[in-house]
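*Asks:* Below are the structure tokens for one structure; questions will follow.
The values are calculated or read from the model by the stated rules, or taken from the named source; none is laboratory data. Predicted model only: the values in this text are computed from it and were never measured. Because the Cβ atoms are built from the backbone with ideal geometry, glycine has one as well, and the counts that use them run over all protein chains shown. SASA here: full protein model, heavy atoms, side chains in, ligands and nucleic acids out. Shrake-Rupley method; radii C 1.70, N 1.55, O 1.52, S 1.80 Å.
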Amino acid sequence: MERFRIKNVFSDGIAGHKITVCGWVRTKRESKGIAFIALNDGSTQDILQLVIPGETPAFQKLPHCNTGAAIKATGTIKDSPGKSQKIELEVSEIEVFGDADSATYPLQKKGHTLEFLREIGHLRPRTNTYGAVFRIRNIIADAVHEFFQGRGFIWIHTPIITSSDCEGAGDLFTVTSLDFDKLPVKDEGGIDFSRDFFGRRAFLTVSGQLEAEFLAMSLGDVYTFGPTFRAENSNTSRHLSEFWMIEPEIVFADLNDDIRLAEDFIHILCLKVLEKGESEIAFLEKFYKNTSINELKVLAEKPFVRISYTEAIKELEKAGKQFEFPVKWGLDLQSEHERYLTERVFKGPVVVTDYPEKIKPFYMRLNEDEKTVAAMDVLVPKTGEIIGGSQREERIGVLEDRMRQIGIPGENMEWYLDLRRYGSAPHAGFGLGFERFVQYITGMPNIRDVIPCPRAPQTIKL
Ligand code: 4AD
Ligand code: MG
């Protein structure tokens, strides 16, 4: 079907041309024998005004062009005398693909709450808000590839089903084809996963990092961008059970290189959003006020503040504030602490480095003090942690010691240790939570509003 995307109608300067557009009716009104339809096709924030003169055959179709209807309209682009738009389509023909029953169509002209719209996940992308969010999501996803490809990184695909259960990043979902009515049981008790599909217990991945490491140790700088899964029972506005993660892994590189990469990455992603999604951000700024073009402009350039975990603890102790969770060297930073540091102390993104080894995974490189590891978290206002990363332990002896201390079974990890046996090299990487970042950029209050089909505890409706 020949059709113009509405986005191109506005960007292509086509006044006087005869074109066809398709889309969904937002509103329809009639006055003095002339009708107006506001049409959106999802390609842009903008609405195209259709003007349907009374004498046209198109006018006869109006009873079937209710709010929500899918239609095709052909006509001529004209300069609009109206104030709210520059151009409009003077329509001669309309074809109705599917009308919508105005008595039951859930999206009415009045605004809806985000909670209500979450209940109709299959229709919410038709609203201005979710249209904007999902287009921004696309801009960022595209910019991710542009950024890494432009720097010579190789895009690799790490598995979704994995047998490695040692990230320590939270609870895992088990993947099984066992018959729940006849579960095989071991003599000593417990389920016998050797009789499961893969011959051992398998999980949905929590991170592609470990596999990205072996690919980086052969191909050089690589990145993976895929879905990850965590079965932790976190019912918060920043946790999903299924979320996407972007994980670069760089070789012949240390923690400083890793931080610099993260900083450049965030800056470029913000620039791309400003370049390609300005009208979406402007809309979200106007209606929700949790994001702004000016804020993004600052973010696109502002160097990240760098502090060590030890300094961060000192800042929090200095705060003289009663936090809900205790502040003490050795304890992990909670969301309230992260927000205090970014919103009150530093007023912008902060990179916290060198966390106590006891609260970080086994693969992070042990620092000389033997108490901390070469870790880095990027924290931002409102959202808290958006990036977690580290330099990896490349010294086999130190790695084996740590695995032993933490109680990580070595037998499935021989391949990981091999990377340290044969041509080990300093390397580092990080994971950017894609939805956390989209949430931060769009200012949506709940992470469930930046992914089309959110999965969270007790939530898998669509
Ligand atoms: O800090 P995390 O657990 O780091 C890793 O998984 C490393 N293996 C990454 C690496 O070095 N390659 O997770 C990375 C990021 C977090 O900073 C956060 O943005 C996001 O993933 N994240 C979540 N996003 C949404 N819902 C959840 N439940 C999340 N858990 C982590
Ligand atoms: Mg983390």
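*Asks:* Can you pull the one-decimal nm distance between simple spin-label points at GLU146 and HIS64, each 7 Å off the Cα toward Cβ?
*Replies:* 4.2
*Asks:* Name the shape class, rounded, prolate or oblate, that the alpha-carbon gyration tensor gives for region 330-412, where a ≥ b ≥ c are the square roots of its eigenvalues, rounded holds for a/c under 1.5, and otherwise prolate holds if a/b is larger than b/c and oblate otherwise.
*Replies:* Prolate is the answer for region 330-412, as a/c is 1.5 or above and a/b outweighs b/c.
*Asks:* For the chain, what does -39500 (n - 2.57) per DSSP helix run (n ≥ 4), summed and divided by total residues, give at 222 nm, in deg cm²/dmol to the nearest 500?
*Replies:* Only helices count here, giving -8500 deg cm²/dmol.
*Asks:* Give the dimensionless ratio obtained when the Cα radius of gyration of region 369-438 is divided by 2.2 N^0.38 Å.
*Replies:* That ratio works out to 1.36.
*Asks:* Would you mind checking the tilt of helix 209-219 against the longest principal axis of the Cα atoms of the chain, expressed as 0 to 90 degrees and rounded to 10?
*Replies:* 90
*Asks:* Cα axis of helix 128-150 to longest principal axis of the chain: angle in degrees, 0 to 90, nearest 10?
*Replies:* Its long axis makes an angle of about 50 degrees.
*Asks:* Follow-up. Hey, rough spin-label estimate for LEU462 and LYS321, points 7 angstrom out along Cα→Cβ, what's it come to in nanometres?
*Replies:* Reported label-point gap for LEU462 and LYS321 is 3.5 nm.
*Asks:* Follow-up question, since we're still on this one. Just the projected area, averaged over all directions, of the convex hull on the alpha carbon atoms of region 6-105: how many nm²?
*Replies:* If you wrap the Cα atoms of region 6-105 in a convex hull and average its projections, you get 6.1 nm².
*Asks:* Then there is this: Non-local amide H neighbours of MET245 (under 5 Å, H modeled in plane, Pro and chain starts lacking H): which ones?
*Replies:* GLY226, THR228, PHE434
*Asks:* How far, in nm, would the chain grow between ASN256 and GLU311 when pulled straight, counting 0.36 nm per residue and subtracting the alpha carbon separation?
*Replies:* 18.1 nm
*Asks:* Now for a different question. By how many nm would the segment from THR236 to GLU30 lengthen if fully extended, with 0.36 nm per residue of separation less the alpha-carbon distance?
*Replies:* Gain on extension, THR236 to GLU30, equals 69.6 nm.
*Asks:* Determine ³J(HN,Hα), in whole Hz, for all residues of region 67-83 in sequence, where each value follows from phi through the Karplus function 6.51 cos²θ - 1.76 cosθ + 1.60 and θ = phi - 60°; x replaces Gly and Pro.
*Replies:* Coupling constants for region 67-83: 3, x, 5, 9, 9, 10, 10, 10, x, 10, 6, 10, 5, 9, x, x, 7 Hz.
*Asks:* Please list 3J(HN,Hα) in residue order for region 101-111, calculated via the Karplus relation 6.51 cos²θ - 1.76 cosθ + 1.60 where θ = phi - 60°; whole Hz, with x for glycine and proline.
*Replies:* 6, 5, 6, 10, 4, x, 8, 9, 5, 5, x
*Asks:* When the convex hull of the Cα atoms of region 252-344 is projected onto a plane and the area is averaged over all directions, what value comes out in nm²?
*Replies:* So the mean shadow area of the Cα hull is 8.2 nm².
*Asks:* Continuing with the same structure: So how far apart, in nm, are the two label points at SER84 and PHE116 if each is 7 Å from Cα heading toward Cβ?
*Replies:* Roughly 1.9 nm, to one decimal.
*Asks:* So for GLU311, GLU370, GLU385, what's the accessible-area order with a 1.4 Å probe, most first?
*Replies:* In descending accessible area the options line up as GLU370, GLU311, GLU385.
*Asks:* Hey, another quick one. Which residues' amide hydrogens lie under 5 Å from the amide hydrogen of GLY23, considering only partners 5 or more residues apart or on another chain, with H built in the peptide plane?
*Replies:* ILE71
*Asks:* Structure shown: which of LYS318/LYS360; LYS18/LYS86; LYS272/LYS297 lie over 19 Å apart, alpha-carbon to alpha-carbon?
*Replies:* Going by Cα-Cα distance, LYS318/LYS360 fall outside the 19 Å limit.
*Asks:* Another question, then. Kindly provide the pair-distance distribution of the chain built from C-alpha pairs, with 20 Å bins from 0 and whole-percent values in order of increasing distance.
*Replies:* 21, 46, 26, 7, 0
*Asks:* Whole-Hz ³J(HN,Hα) for each residue in region 309-316, computed from phi via Karplus 6.51 cos²θ - 1.76 cosθ + 1.60 with θ = phi - 60°, x for glycine and proline: what do you get?
*Replies:* 3, 4, 5, 4, 4, 4, 4, 5
*Asks:* To continue, here is another question. Roughly how many percent of the accessible protein surface of region 6-105 is carbon and sulfur, given a 1.4 Å probe and a whole-percent answer?
*Replies:* Carbon and sulfur: 51 percent of the exposed surface of region 6-105.
*Asks:* Another one. Can you tell me how much longer the chain between PHE97 and SER279 gets when fully stretched, taken as 0.36 nm per residue apart minus their C-alpha distance, in nm with one decimal?
*Replies:* Result for the pair: 62.6 nm of gain on full extension.
*Asks:* Sticking with this structure for a sec: Could you order ILE406, ILE307 by accessible surface area, starting with the largest, using a probe radius of 1.4 Å?
*Replies:* Ranked from most to least accessible, the order is ILE406, ILE307.
*Asks:* If you roll a 1.4 Å probe over the heavy atoms of the protein chains, what accessible area per residue do you get for the chain, in Å²?
*Replies:* Ligands and nucleic acids excluded, the result is 49 Å² per residue.
*Asks:* Okay, moving on. Just for the chain, what percent of DSSP beta bridges are antiparallel, to the closest 5?
*Replies:* If I count the DSSP bridges inside the chain, around 90 percent turn out antiparallel.
*Asks:* If you don't mind, there's one more thing I want to ask. May I ask for the distance between the Cα centers of region 1-66 and region 359-403, given as a whole number of Å?
*Replies:* Cα centroid of region 1-66 versus Cα centroid of region 359-403: 56 Å apart.
*Asks:* Using a cut-off of 20 Å between alpha-carbon atoms, which lysines can reach LYS358, once sequence neighbours fewer than 8 places away in the same chain are excluded?
*Replies:* Result set, ordered by chain and number: LYS314, LYS328, LYS371.
*Asks:* How far, in degrees from 0 to 90, does helix 396-406 lean away from the longest principal axis of the Cα atoms of the chain, to the nearest 10?
*Replies:* Approximately 80 degrees, to the nearest 10.
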